[in-house]
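Peer 1: Sharing a structure here in structure tokens format.
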Amino acid sequence: MAGRHDAVFNDVLSGLDDPAAVAQESRPRQAPERAGGRFLNRSNALSERLSGDLVEKTLLWVDPDRCRLWARHNRRYELLNEMRCADLIEGFKAQGQQEFPAVVRRLKDNPQHEYEVICGGRRHWTVTWLRAHNYRQFRFLIEVRDLSDEEAFRLSDVENRDRADISDYERAVDYADAVGRYYDGRQKDMAARLEVSETWLSRYLGLAKLPKPVIEAYADITDIKELHARDLKPLLSRPDTKAAIIEEAKAIAREQRAAVDGQGASLDGSAVIARLKAAAKPRKPVRRLRGVEYKSASGTVLVTARKQKGRGLTLEIADPRDAEAVLEACRKALVDHGGQGT
């Protein structure tokens, strides 16, 4: 036991041998009480270490290439870009380094990577981007922890739950995977572990269940909001309105793909949900005015004349193949409705 205490004591007081500390001690003592303050701080640190009240963390500066993202990380790494990480890029440049560590786990028997990132996907992307853009001095600051998959999921969720830069849909997909993987489908247990209400969790799980055509209607999954799923849920529960929404979603998806090719403008999330909801509304039947049919000698309808109030006479040609017969039918229709017929 004495050996352990000696090691801890030497570690806590290791600063006394530091040249900077020695230089500080050699300066004129203008405030003698500071020496007592330093000794008190070291004594407190020693007491905390020995009592177990002080929790140590292992922080390392590493090459980001030594790390990979956890396979079930709740952020879509492929969606990260210079714009979505602009705040971190500028912050890292201003500070000269990454200030807050990412949380990682050690990997075993992996020849390419030593760590996997549980929390800190944007930080990893930012350091990687900086190193690729003439800032080779930047390294990735990590905190190594021993975590189970369920613990890793909860830690990642706590860190990102209130972040505006992670989308509702990314979070929903993560929850939908976790409820079966870690909690045997028991939403109540999952809500308790995450310390959220069952209603709140249920809304996100509902978002993850949106039909694939609806998801594909959005140009960017970050545009899909939890509120959108709530608006569509009652409409998707009815076969008739669901069919209408799916058809409209497919049409929107075609427009979005065309926009990528430079044909037209893409639709944002608010425009997409507005069109999907509108598609589910019952359409007013088109009122067709009764018309007078003009037929050929064989009884085939050639022209239908419809009189519309304030809009004159409409002639609908049914079969234009016999031009002479059609023209004759049109002349007769004009005469019958007060025209000259010439």
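Taken together, the values in this text are just the output of simple stated rules run on the coordinates, not laboratory data. Computed from a predicted model, the values in this text were never measured in an experiment. For neighbour counting, all protein chains shown are included, and Cβ atoms are generated from backbone atoms with ideal geometry for every residue, glycine included.
Peer 1: What FRET efficiency comes out for Lys233 versus Asp162 if R0 is 25 angstrom and r is the Cβ-Cβ distance? Round to the nearest 0.05. Please report the intermediate quantities before stating the final value.
Peer 2: On the way: r = 24 Å, r/R0 = 0.98.
The formula returns an efficiency of 0.55 here.
Peer 1: Mind listing the phi-derived Karplus ³J(HN,Hα) values for region 273-278, rounded to whole Hz, using 6.51, -1.76 and 1.60 with θ = phi - 60°, and x for any glycine or proline?
Peer 2: 5, 5, 5, 5, 5, 5
Peer 1: Using a ≥ b ≥ c from the Cα gyration tensor of region 58-166 (square roots of the eigenvalues), is it rounded, prolate or oblate, where a/c under 1.5 gives rounded and otherwise the larger of a/b and b/c decides, a/b for prolate? Numbers along the way, then the final one.
Peer 2: Numbers: a/c = 1.71, a/b = 1.23, b/c = 1.39.
Oblate is the answer for region 58-166, as a/c is 1.5 or above yet b/c matches or exceeds a/b.
Peer 1: Given the pairs Lys209/Lys242; Lys250/Lys277; Lys188/Lys225; Lys188/Lys212; Lys212/Lys281, which span a C-alpha to C-alpha distance of over 25 angstrom in this model?
Peer 2: Beyond 25 Å: Lys188/Lys212.
Peer 1: Mind giving me the FRET efficiency for Ala265 and Glu56? R0 is 45 Å, r the Cβ-Cβ distance, nearest 0.05 is fine. Before the final figure, lay out each step's value.
Peer 2: Numbers: r = 55 Å, r/R0 = 1.22.
Efficiency computed from Cβ-Cβ geometry: 0.25.
Peer 1: Applying the Karplus parametrisation 6.51 cos²θ - 1.76 cosθ + 1.60 with θ = phi - 60° to the phi angles of region 248-258, what ³J(HN,Hα) value in whole Hz is obtained for each residue in order, glycine and proline being reported as x?
Peer 2: With the stated coefficients, region 248-258 comes to 5, 4, 5, 5, 5, 4, 5, 5, 5, 5, 5 Hz.
Peer 1: In whole percent, what relative contact order does region 212-279 give with Cα contacts below 8 Å and a gap of six or more residues?
Peer 2: Values: 63 pairs, mean separation 30.7, N = 68.
About 45 percent, as a whole number.
Peer 1: I want to make sure I understand the PRE zone here: with the label point 7 angstrom from the Cα of Met83 toward its beta carbon, which residues in region 234-260 have backbone N atoms less than 15 Å away?
Peer 2: From region 234-260, the list is 260.
Peer 1: Shifting gears a bit: Shape call for region 203-245 from the C-alpha gyration tensor, a ≥ b ≥ c root eigenvalues: rounded (a/c under 1.5), prolate (a/b greater than b/c) or oblate? Write down the numbers at each step before the final one.
Peer 2: Numbers: a/c = 2.19, a/b = 1.34, b/c = 1.63.
Cα axes put region 203-245 in the oblate bin.
Peer 1: Right, something else. Relative contact order for region 83-144 using alpha-carbon pairs under 8 Å, separation at least 6, rounded to a whole percent?
Peer 2: Details: 73 pairs, mean separation 24.4, N = 62.
That works out to 39 percent.
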